[in-house]
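Visitor: Got a structure here, written out as structure tokens. Questions coming.
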């Protein structure tokens, strides 16, 4: 499955989600960590492949801090931000400029005590506001309250999006991990691409790759799902293979990093 990618690394992109794909899911997102062996595999890939990027729901600079590999590109906030390799600041998508404060203003109107009382924790991600309830005393109650907030956000012209025990309030629709993947791939000649992810938001990236292949913009694509008890049911339906967690996906990264048979393991300039 990955052999064609390894055959032509100079025209191949390796793209992946961060939490649940590179970093194991933990109760507190702030304590998530990418293992050093995964970082080393990513560094090896960055030396060989045309593009290696992380596409994350986190802010781009936070995703890079967590991954710890400056040589990669980072699409943060589900595509609202792009951070080039070694760049100091992320570039916000121009489409969101006029509504950059919309989600934050909406969340400010919510009663903080009521949120915490329901077991919801607020994460300020700039243009996107996230409500988490992983580890809440009563996760069902917290999710019901999140559903009420989602309905109110939709009425306010915002876009609520669900993830693994998280509700995100986005300022507008039409920008997601799929659009992020397309922007990243359009920046240079890419013939094949791989994307790996574990959550509902990653389905947009899988669909984007399929559409690029169907349109003839890519010669081929590989979609890999990271399996878990919390994975959405659609995940297995939209991927070419499912691996059993972040450690198994590390094996995929290492396999990609191996030079093709009979070729020198020369680093790209």
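Visitor: Could you look through the range 84-95, keep only residues that are closer than 12 Å to residue 183 by Cβ and touching a strand residue (DSSP E or B) at 6+ places or on another chain (Cβ under 9 Å), and pick out the one that is modelled with the lowest pLDDT?
Guide: Of the residues in the range 84-95, the ones closer than 12 Å to residue 183 by Cβ are 84, 91, 93-95.
Within this subset, residues satisfying the condition of being touching a strand residue (DSSP E or B) at 6+ places or on another chain (Cβ under 9 Å) are 84, 91, 93.
Working: 84: 95, 91: 89, 93: 82.
Among those residues, the one meeting the criterion is 93.
Conditions (1) surrounded by fewer than 14 Cβ atoms within 10 Å (Cβ to Cβ); (2) modelled with pLDDT under 95; (3) touching a helix residue (DSSP H, G or I) at 6+ places or on another chain (Cβ under 9 Å), marked per residue:
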position	(1), (2), (3)
171	no, yes, yes
210	no, no, yes
214	yes, no, no
224	no, no, yes
233	yes, yes, no
250	no, no, yes
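Visitor: Check residue 189 against each of (1) over 18 Å from residue 56 (Cα atoms); (2) surrounded by 13 or more Cβ atoms within 10 Å (Cβ to Cβ) and name the one condition it does not meet.
Guide: Condition (2) is where residue 189 drops out.
Visitor: In addition: Suppose we filter 72, 82, 22, 45 for residues that are closer than 18 Å to residue 193 by Cβ and without any contact (Cβ under 8 Å) to a residue 60 or more places away in the chain; which single one remains?
Guide: On the way: 82 fails: without any contact (Cβ under 8 Å) to a residue 60 or more places away in the chain; 22 fails: without any contact (Cβ under 8 Å) to a residue 60 or more places away in the chain; 45 fails: without any contact (Cβ under 8 Å) to a residue 60 or more places away in the chain.
Result: 72 is the single residue among 72, 82, 22, 45 that is closer than 18 Å to residue 193 by Cβ and without any contact (Cβ under 8 Å) to a residue 60 or more places away in the chain.
Visitor: When you scan the range 152-166, how many residues do you find that are part of a loop (DSSP other than H, G, I, E, B) and under 20 Å from the mean Cα position of the chain (by Cα)?
Guide: First, pick out the residues of the range 152-166 that are part of a loop (DSSP other than H, G, I, E, B): 156-158, 164-165.
Restricting the remaining residues to those that are under 20 Å from the mean Cα position of the chain (by Cα) gives 164-165.
Looking only at that region, the number is 2.
Let's see how each residue does on (1) without any contact (Cβ under 8 Å) to a residue 12 or more places away in the chain; (2) crowded, with 17+ Cβ neighbours inside 10 Å; (3) assigned by TED's automatic domain parsing to the domain that holds residue 197; (4) more than 25 Å from residue 204 (Cβ to Cβ):
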site: 117; (1), (2), (3), (4): yes, no, no, yes
site: 121; (1), (2), (3), (4): no, yes, no, no
site: 129; (1), (2), (3), (4): no, yes, no, no
site: 135; (1), (2), (3), (4): no, no, no, yes
site: 146; (1), (2), (3), (4): no, yes, no, no
site: 149; (1), (2), (3), (4): no, yes, no, no
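Visitor: Can you find even one residue in the range 62-78 that is crowded, with 20+ Cβ neighbours inside 10 Å, in contact with a helix residue (DSSP H, G or I) (Cβ under 9 Å, 6 or more places away or on another chain), modelled with pLDDT of 90 or more and not assigned by TED's automatic domain parsing to the domain that holds residue 197?
Guide: No, the range 62-78 contains no residue that is crowded, with 20+ Cβ neighbours inside 10 Å, in contact with a helix residue (DSSP H, G or I) (Cβ under 9 Å, 6 or more places away or on another chain), modelled with pLDDT of 90 or more and not assigned by TED's automatic domain parsing to the domain that holds residue 197.
Visitor: Give the residues of the range 33-53 that are part of a loop (DSSP other than H, G, I, E, B) and in contact with a helix residue (DSSP H, G or I) (Cβ under 6 Å, 6 or more places away or on another chain), sorted by residue number. Reasoning before the result, please.
Guide: Our first condition is that a residue be part of a loop (DSSP other than H, G, I, E, B); within the range 33-53, this holds for 33-35, 49-50.
Once the filter is applied, which keeps residues that are part of a loop (DSSP other than H, G, I, E, B) and in contact with a helix residue (DSSP H, G or I) (Cβ under 6 Å, 6 or more places away or on another chain), the range 33-53 yields 34, 49, 50.
Visitor: Filter the range 173-186 down to residues that are surrounded by fewer than 18 Cβ atoms within 10 Å (Cβ to Cβ) and in a loop (DSSP other than H, G, I, E, B) and give me whichever is modelled with the highest pLDDT.
Guide: Within the range 173-186, the match that is modelled with the highest pLDDT is 174.
Visitor: Search the range 235-248 for residues being modelled with pLDDT of 95 or more and part of a helix (DSSP H, G or I), and hand back the single one that is nearest to residue 181 (Cα to Cα). Step through it out loud before you land on a result.
Guide: Taking the range 235-248 and keeping what is modelled with pLDDT of 95 or more, we get 239-243, 246-248.
If we keep only those that are part of a helix (DSSP H, G or I) too, we end up with 246-248.
Working: 246: 21, 247: 24, 248: 23 Å.
Taking the candidates together, the pick is 246.
The values are calculated or read from the model by the stated rules, or taken from the named source; none is laboratory data. If you're wondering where the values come from, they're calculated on a predicted model, not measured in any experiment. Ideal geometry is used to build each Cβ from the backbone, glycine not excepted, and the neighbour counts take in all protein chains shown.
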